[in-house]
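A.B. asks: I have a structure here, written as structure tokens, and I will follow up with some questions on it.
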Amino acid sequence: SSDLKQKFQERSRRAVLMQSIQNYRHIIEEAKTNPHFECFPRTEMDVLLDPCFGEQLILDYPSSDVCLGDLIAATDGSTARFRVTSPRKPCNEIDNRNETVYGPKGLRIYTLSTALAGWFCSVEMEGEVKKGTTFELVERPYPQWPVTEVAKAVYGGEGDPKAAARG
């Protein structure tokens, strides 16, 4: 059916969730002073050993430098290539997983309003990706669309007074 085909196409555009270690650093710093994030891991090693957002890949690449349509390729001899398709709109599972409160003071709303929830990619070419694989930007068709700005505009930038001007 066409509904099933559409659902498959939609999911294939969100096949891989990537997160930035820089986003984690930002949240770790916030957790030091935010009593609502007391259960969030306190070190980079903690999040690398047990990622908190359900992501498949954590990159050493600032999310503010990621744009819609970017083609990211694994180096180190792998053929893996990923196309950035959308910023992630986090669900309540982030609050559940990290034992934070629901609502405006929770981690879900915090990462939504600050565009720190990661981004989705489609798989353009399969290949092996393992711990330590490095990635490089191969193509940037839409430099005017950083995922952080798109997330704040599309998802309302809850808590961000400048968001209305973006959308």
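The values are calculated or read from the model by the stated rules, or taken from the named source; none is laboratory data. Just so we're clear, the structure is a prediction, and the values are computed from it rather than from any experiment. All Cβ positions, even for glycine, are placed from backbone atoms using ideal geometry, and neighbour counts span all protein chains on display. Side chains included, ligands, DNA and RNA excluded: accessible areas come from the protein's heavy atoms. Shrake-Rupley method; radii C 1.70, N 1.55, O 1.52, S 1.80 Å.
A.B. asks: Let me confirm the definition first: pairs of Lys residues in segment 40-167, 8 or more apart or on different chains, C-alpha distance under 20 Å. How many are there?
C.D. replies: Close lysine pairs found across segment 40-167: 6.
A.B. asks: Given the options G103, G54, G118, which has the most mean-square fluctuation in a GNM of the chain, springs set between C-alpha atoms less than 10 angstrom apart?
C.D. replies: G103
A.B. asks: So what J values fall out for segment 89-105 if you push phi through Karplus, 6.51 cos²θ - 1.76 cosθ + 1.60 with θ = phi - 60°, rounded to Hz, Gly and Pro as x?
C.D. replies: Working through the residues one at a time gives 9, x, 9, 5, 4, 4, 5, 4, 4, 9, 6, 9, 5, 7, x, x, 9 Hz.
A.B. asks: Can you tally the net charge around K32? Count Lys and Arg as +1, Asp and Glu as -1, for every other residue whose Cβ sits under 11 Å from the Cβ of K32.
C.D. replies: Net charge in that neighbourhood comes out at -2.
A.B. asks: At 1.4 Å probe size, with every protein chain present, just tell me what the per residue accessible area of segment 63-124 comes to in Å².
C.D. replies: Normalised by residue count, the accessible surface of segment 63-124 is 39 Å².
A.B. asks: Under the rule that an exposed site lies in a DSSP loop and has at most 15 other Cβ atoms within 10 Å, name the longest stretch of the chain with no GluC sites (Glu not before Pro) of that kind, not counting the sites themselves.
C.D. replies: 39-98
A.B. asks: Heavy atoms only, probe 1.4 Å: what % of the accessible area of the chain goes to carbon and sulfur, would you let me know?
C.D. replies: Of all accessible area on the chain, carbon and sulfur atoms account for 52 percent.
A.B. asks: Continuing with the same structure: How far is helix 21-33 tilted off the main Cα axis of the chain, in degrees rounded to 10, range 0 to 90?
C.D. replies: For 21-33 against the chain, the angle is about 10 degrees.
A.B. asks: Of S122, S113, S64, which has the largest mean-square fluctuation in a 10 Å C-alpha GNM of the chain?
C.D. replies: Among S122, S113, S64, the largest mean-square fluctuation in the Gaussian network model of the chain belongs to S64.
A.B. asks: To the nearest 0.05, how large is the calculated FRET efficiency for R13 and K105 if R₀ is 41 Å and r is the Cβ-Cβ distance?
C.D. replies: Between R13 and K105 the formula returns 0.85.
A.B. asks: From the Cα trace of the chain, what convex hull volume per residue do you get, rounded to a whole Å³?
C.D. replies: Here the figure is 127 Å³ per residue.
A.B. asks: Residue separation times 0.36 nm, minus the C-alpha to C-alpha distance between E29 and Q56: what's the value?
C.D. replies: Stretched fully, the E29-Q56 segment lengthens by 7.4 nm.
A.B. asks: May I pose another question? Pick out which of N34, N98, N23 has the largest mean-square fluctuation in a Gaussian network model of the chain, springs linking Cα atoms closer than 10 Å.
C.D. replies: In this elastic network of the chain, the residue with the biggest mean-square fluctuation among N34, N98, N23 is N34.
A.B. asks: Treating the angle as unsigned and between 0 and 90°, give the value, to the nearest 10°, between the Cα long axis of helix 2-12 and the longest Cα principal axis of the chain.
C.D. replies: Tilt of helix 2-12: around 80 degrees.
A.B. asks: Also, I was wondering about something else. Nearest 500 deg cm²/dmol is fine: what mean residue ellipticity at 222 nm does the chain get from its DSSP H runs of n ≥ 4 alone, each adding -39,500 (n - 2.57), divided by its residue count?
C.D. replies: Computed ellipticity for the chain at 222 nm equals -9000 deg cm²/dmol.
A.B. asks: Show the residues, 5+ positions off or on another chain, whose built amide H is closer than 5 Å to the amide H of S78.
C.D. replies: none
A.B. asks: Treat each spin label as a single point 7 Å out from the Cα along the C-beta direction, and report the V154 to V138 distance in nm.
C.D. replies: Computed distance between label sites V154 and V138 equals 2.2 nm.
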